[in-house]
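These notes concern the structure reproduced below.
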Amino acid sequence: MLNIIWPIFIIISIIYALFSGNIENVSNGIFESAESAVSLTLTFFGTLCLWNGIIEIAKQTTLMQKLAKLLRPLINFLFPEMKKNNEAYEEISMNIVANLLGLGNAATPLGLKAMKTMQKENPKKDTVSNSMAMFIVINTASIQLIPTNAIAIRSSLNSNSPSGIILQVWVATVVALTVGVTSTKILMKRF
Amino acid sequence: MKFVNFLSASAIPLIIILIIIYGLKEKKKVFDIFLDGAKEGIQIVVALFPTLLGIFLAVGLLRNSGILDFIIGIISPVTNLLKIPSQILPLAMLRPISGSGSMGVAIDIMKQYGVDTLIGKIASTIMGSTETTFYTIAIYTACVKVKKIRFVLAAALLADLAGMITSVIICQIMS
């Protein structure tokens, strides 16, 4: 996608600058942007590695399995067809827990495995089943408890309170998830 | 409000202590594991740098050329009506399409308008509460070779939109 958007951004900007007299501004800005990419990556380095280290500890414990058990009622509601399918059930709940903990790297492989397991029971192989649709929609909503990336960016930009947006993120996530789940439940009956 | 701030401030330390105590309880070598994870973090950052560089270049050009202000001027009647600050529009449009791209744009917005301003907070909240919808749908359907996705894209984008509008509203309420 960026292979299309990126050149368009650059081309229209430079053409616009030529006609609007901002070309000197543009010229100066080019190398500034390279510099700021470096300085930002450097500050980003610490926070991201730190969080990755902490999360790795969580990955190696049974914390995920424990949390998966807590989610049982929720998963029964979201995936009624999967109650009997233990394998899919397990993979779905582990994927959701990994997402909650912000384990993007772990969540995706688990999610893909869950998709494959659900596909086995799918009567129409070229079309997503209800459970698969719900599963994808949940995965497109960011349900992590701690928005680590957003916090890392904020602290690298010297925010007064890098984690000061956690509550806002929770509210926005819950609303987005509710809208996603509700519309999926409604739409799956009609389409 | 005080409790809210306390909750925000203590969420990260509490999660860290919970994870570490859990690791100790299960007799893991927590420091060694921490080092492994941190090492993996290096790769993530290194992989992110080229994208960040490319996005900063493109977004810097958009801004310095004046075309971003021009576009914002055109769509501002609509965004004003919805009470969305027009400065976050580039982020809102790129967010479902590209993860690293939207991260670059979000950083650019926070640098430009201030990370602790309303606009900076909205950008952070959008980044924290949404995902790269197109990418997720693409890999999840490709792995099982499913072609017909029914209503999935519509439901996912509707959720994104709801999340973004909520981000704007909640940041305005809590600022």
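The values are calculated or read from the model by the stated rules, or taken from the named source; none is laboratory data. Note that the structure is a prediction, hence the values are computed from the model and not measured. FYI the Cβ positions are ideal-geometry reconstructions off the backbone, even for glycines, and counts take in every protein chain you see.
In the range B:30-68, the qualifying residues are those that are surrounded by fewer than 13 Cβ atoms within 10 Å (Cβ to Cβ) and of a type outside the set (Val, Ile, Thr), and the one that is nearest to A:Ala34 (Cα to Cα) is B:Pro50. Filtering A:Lys113, A:Lys124 for residues that are basic (Lys, Arg), under 18 Å from the mean Cα position of the chain (by Cα) and farther than 28 Å from B:Gly120 by Cβ leaves a single hit, A:Lys113.
Note on the range A:1-29: among residues that are β-branched (Val, Ile, Thr) and surrounded by fewer than 14 Cβ atoms within 10 Å (Cβ to Cβ), the one that is farthest from B:Leu94 (Cα to Cα) is A:Ile15. Of all the residues in the range A:84-124, those that are in contact with a Phe, Trp or Tyr (Cβ under 6 Å, 6 or more places away or on another chain) and surrounded by fewer than 24 Cβ atoms within 10 Å (Cβ to Cβ) number 0. Name, by its number, the condition in (1) more than 7 Å from chain B (Cβ to nearest Cβ); (2) over 16 Å from A:Thr47 (Cα atoms) that does not hold for A:Ser156. All conditions pass for A:Ser156, except number (2). Could you tell me whether any residue of the range A:112-131 is at pLDDT below 85, under 18 Å from A:Lys185 (Cβ atoms), more than 7 Å from chain B (Cβ to nearest Cβ) and in contact with a helix residue (DSSP H, G or I) (Cβ under 7 Å, 6 or more places away or on another chain)? Scanning the range A:112-131 turns up no residue that is at pLDDT below 85, under 18 Å from A:Lys185 (Cβ atoms), more than 7 Å from chain B (Cβ to nearest Cβ) and in contact with a helix residue (DSSP H, G or I) (Cβ under 7 Å, 6 or more places away or on another chain).
List, please: which pairs have Cβ atoms under 7 Å, are six or more places apart or on different chains, and start with a residue in the range A:31-44 that is in contact (Cβ under 8 Å) with a residue 12 or more places away in the chain and end with one that is of a type outside the set (D, E, K, R) and assigned to a helix (DSSP H, G or I)? Taking only residues 6 or more apart or on different chains, the pairs are A:Leu40/A:Ser156; A:Leu40/B:Leu52; A:Leu40/B:Ile107; A:Thr43/A:Ser156; A:Phe44/A:Ala152; A:Phe44/A:Ser156; A:Phe44/B:Val45.
Taking (1) without any contact (Cβ under 8 Å) to a residue 60 or more places away in the chain; (2) within 30 Å of A:Thr127 (Cα to Cα); (3) at the interface with chain A (Cβ under 7 Å from one of its Cβ atoms); (4) in a helix (DSSP H, G or I) in turn, B:Ser100 satisfies each apart from (3).
Of all residue pairs spaced 6 or more apart or on separate chains, those with beta-carbon atoms under 6 Å, a first member in the range A:51-64 that is more than 7 Å from every other protein chain (Cβ to nearest Cβ) and over 12 Å from B:Phe31 (Cβ atoms) and a second member that is in a helix (DSSP H, G or I) and of a type in the set (Val, Ile, Thr) are A:Trp51/A:Thr148; A:Met64/A:Val97. Reported count of residues in the range B:142-173, each being facing chain A (nearest Cβ under 7 Å) and surrounded by 18 or more Cβ atoms within 10 Å (Cβ to Cβ), is 17. Note on the range B:116-159: residues that are within 18 Å of A:Ile165 (Cβ to Cβ) and not in a loop (DSSP other than H, G, I, E, B) amount to 13.
With a requirement of 2 or more residues that are out of contact with any Lys or Arg (no Cβ under 7 Å at 6 or more places or on another chain), of a type in the set (Ser, Thr, Tyr) and more than 30 Å from A:Gly53 (Cα to Cα), the helices (runs of 4 or more DSSP H) lying completely within the range A:86-191 that satisfy it span A:166-190. Of the residues making up the range B:40-65, those that are in contact (Cβ under 8 Å) with a residue 12 or more places away in the chain and more than 12 Å from B:Val105 (Cβ to Cβ) number 1. Checked across the range A:46-64, the condition of being in contact with a Leu (Cβ under 8 Å, 6 or more places away or on another chain) and over 30 Å from A:Ile92 (Cα atoms) holds for no residue.
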